[in-house]
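Have a look at the structure below before the remarks.
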Amino acid sequence: MRQTDESPPADLTLSAVIPVYNDPYGIRTTLESLTSQTYPIDSYEILVVDNGSEDETRKVVQEYCERYPELVTLLIEDEIQSSYAARNKGVEHAHGALISFIDADMTVEPTWAKSVVDSYTEHGWDYMGCEIETYIDGHGSLTARYDRALGFTVERYLQKAQFVVTACLTVRKTVFEDVGLFDSRLISGGDGEFGERVHAAGFDQYFEPDITVYHPARTTVRAWLKKQFRVGRGSIQRQKYHPERAGGTRPIAPQKFLPLRPRQFYARITDGMDPTVSDAIALYGLDYLSKLTRTAGGIYEQYISKDR
């Protein structure tokens, strides 16, 4: 396994950083994908940052470190429980001029690494996002179909809010030296906060339509709502730590409890699926429940959390 204190290879171009917590299956899936790249192994590295896993996750990563000693490195971040702290650990140890972030459980094409570097060579961006395709693995539950229909509108995020989600983000390493690392205090929304800093500093943000990464849809209501609760908490944390940029409203504002207008919601979901009437009604209910869960997360962060 490459030691992180060794001098980096002179021509190492790309570092892939993967934060992981208690996900042995997901990290195996992702590492299978990332270790099958066509890009030269001496110009590419994979940094897996375990964020305090208590299961077999580290053991799985160690297997890949042994199989690919010059390619895969395991780092540990168990002082701060935060995916952004884990990503920061990866940035601090990365040797590549470009740093790509991807989540455990995601997959990429064998040409992904080469495509990222080729895109940079052609366009010279500082900060790049690409397409995320959400797919359904196995039986398509209502939640999975909802997740896939809404998907990740990465290009719109970049155009409207100047950020890219960290599941498909590549950044020149020198950008971090200028604007700083991710804010590890945030439980969610750190990608948005970082992207706004990058934009404010005048760096070139670019969307690459010719690269796609793949993300499995969340298949259970519990997993989906857990994410929404975290998003709600993160929005209040951003208002607290970054009031100059966060904006937003109070967690108990009346609009936080209002459902989306049915016609507007139907237009959203039919962009990605063709639901039956009963499915549309069920999805609308799930959407409203999601909004209430985000509101609950915000109320928890504002009034109940011990970290407030």
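The values are calculated or read from the model by the stated rules, or taken from the named source; none is laboratory data. Given the structure is predicted, the values throughout are model-derived calculations rather than measurements. Note that we place each Cβ from the backbone using ideal geometry, even for glycine, and neighbour counts take in every protein chain shown.
Check off (1) outside the structural domain of Thr107 (by TED's automatic domain parsing); (2) surrounded by 14 or more Cβ atoms within 10 Å (Cβ to Cβ); (3) not in a helix (DSSP H, G or I) for Arg250 and give me the number that stays unchecked.
(2)
Scan the range 198-231 for residues that are part of a helix (DSSP H, G or I), crowded, with 20+ Cβ neighbours inside 10 Å and modelled with pLDDT of 95 or more and jot them down.
Val198, Phe229, listed by residue number.
For the range 138-159, give me each residue that is closer than 19 Å to Gly234 by Cα and of a type in the set (Lys, Arg).
Once the filter is applied, which keeps residues that are closer than 19 Å to Gly234 by Cα and of a type in the set (Lys, Arg), the range 138-159 yields nothing.
Using the structure shown, decide if Asp147 is at pLDDT below 95 and part of a loop (DSSP other than H, G, I, E, B). Steps first, please.
On the way: at pLDDT below 95: yes; part of a loop (DSSP other than H, G, I, E, B): no.
In short, no.
Pick out the one residue from Phe176, Phe229, Phe257 that is in the same structural domain as Ile18 (by TED's automatic domain parsing) and of a type outside the set (Val, Ile, Thr).
Details: Phe229 fails: in the same structural domain as Ile18 (by TED's automatic domain parsing); Phe257 fails: in the same structural domain as Ile18 (by TED's automatic domain parsing).
Every option except Phe176 fails the conditions.
Could you identify the single residue in Ser235, Ser278 that is among the hydroxyl-bearing types (Ser, Thr, Tyr), in a helix (DSSP H, G or I) and either surrounded by 14 or more Cβ atoms within 10 Å (Cβ to Cβ) or in the same structural domain as Pro110 (by TED's automatic domain parsing) (or both)?
Ser235
Are there any pairs with C-beta distances below 7 angstrom linking a residue in the range 264-280 that is closer than 11 Å to Tyr146 by Cβ to a residue that is at pLDDT 80 or above and part of a loop (DSSP other than H, G, I, E, B), with the two at least 6 apart or on different chains, and if so which?
Qualifying pairs under 7 Å: Ile269/Pro275.
Could you tell me which numbered condition Thr111 fails, if it satisfies all but one of (1) without any contact (Cβ under 8 Å) to a residue 60 or more places away in the chain; (2) surrounded by fewer than 16 Cβ atoms within 10 Å (Cβ to Cβ)?
Of everything listed in (1) without any contact (Cβ under 8 Å) to a residue 60 or more places away in the chain; (2) surrounded by fewer than 16 Cβ atoms within 10 Å (Cβ to Cβ), Thr111 misses just condition (1).
Which numbered condition trips up Gln162, out of (1) buried (at least 19 other Cβ atoms within 10 Å of the Cβ); (2) in contact with an Asp or Glu (Cβ under 6 Å, 6 or more places away or on another chain)?
Failed condition: (1).
With the checklist (1) part of a helix (DSSP H, G or I); (2) acidic (Asp, Glu); (3) modelled with pLDDT of 95 or more; (4) surrounded by 19 or more Cβ atoms within 10 Å (Cβ to Cβ) in hand, flag the one item Asp178 doesn't pass.
It is condition (4) that Asp178 fails.
Could you grab the pairs with beta carbons closer than 7 Å, sequence gap of 6+ or different chains, first residue in the range 243-262 and within 16 Å of Ala161 (Cβ to Cβ), second one at pLDDT 85 or above and among the acidic types (Asp, Glu)?
Listed by first residue and then by second, the contacts come to Arg245/Glu196.
Does at least one position in the range 139-149 carry a residue that is under 25 Å from Val198 (Cα atoms) and in contact with a Phe, Trp or Tyr (Cβ under 8 Å, 6 or more places away or on another chain)? Steps first, please.
Just the residues of the range 139-149 that are under 25 Å from Val198 (Cα atoms), to begin with: none.
No, that holds for no residue.
Going by the structure shown, is Glu193 modelled with pLDDT of 95 or more and either part of a helix (DSSP H, G or I) or surrounded by fewer than 18 Cβ atoms within 10 Å (Cβ to Cβ) (or both)? Break it down into steps so the answer makes sense when it comes.
Numbers: modelled with pLDDT of 95 or more: yes; either part of a helix (DSSP H, G or I) or surrounded by fewer than 18 Cβ atoms within 10 Å (Cβ to Cβ) (or both): yes.
Spelling it out, Glu193 is indeed modelled with pLDDT of 95 or more and either part of a helix (DSSP H, G or I) or surrounded by fewer than 18 Cβ atoms within 10 Å (Cβ to Cβ) (or both).
Within the range 150-163, how many residues are closer than 13 Å to His199 by Cα and part of a helix (DSSP H, G or I)?
First, the residues of the range 150-163 that are closer than 13 Å to His199 by Cα: 157-163.
Narrowing further to those that are part of a helix (DSSP H, G or I): 157-161.
Going through the range 150-163 one residue at a time, the tally reaches 5.
Considering only the range 39-48, I want to know if a residue exists there that is acidic (Asp, Glu), crowded, with 23+ Cβ neighbours inside 10 Å and either closer than 30 Å to Arg185 by Cβ or within 16 Å of the chain's Cα centre (by Cα) (or both). It would help to see each step written out before you state the result.
If we filter the range 39-48 for residues that are acidic (Asp, Glu), which is where we start, we get 42, 45.
When the remaining residues are screened for being crowded, with 23+ Cβ neighbours inside 10 Å, the result is 45.
Right, trim to either closer than 30 Å to Arg185 by Cβ or within 16 Å of the chain's Cα centre (by Cα) (or both) and you get 45.
Yes, because at least one residue in the range 39-48 is acidic (Asp, Glu), crowded, with 23+ Cβ neighbours inside 10 Å and either closer than 30 Å to Arg185 by Cβ or within 16 Å of the chain's Cα centre (by Cα) (or both).
Is the range 80-101 home to any residue that is surrounded by fewer than 20 Cβ atoms within 10 Å (Cβ to Cβ), more than 27 Å from Thr38 (Cβ to Cβ) and β-branched (Val, Ile, Thr)?
Within the range 80-101, one or more residues are surrounded by fewer than 20 Cβ atoms within 10 Å (Cβ to Cβ), more than 27 Å from Thr38 (Cβ to Cβ) and β-branched (Val, Ile, Thr).
Among strands (runs of 3 or more DSSP E) lying entirely in the range 66-135, which contain 2 or more residues that are farther than 14 Å from Thr13 by Cα and not hydroxyl-bearing (Ser, Thr, Tyr)? Don't jump to the end; show me each part of the working.
On the way: elements: 72-76, 98-101, 127-135.
Hits in the range 66-135: 72-76, 127-135.
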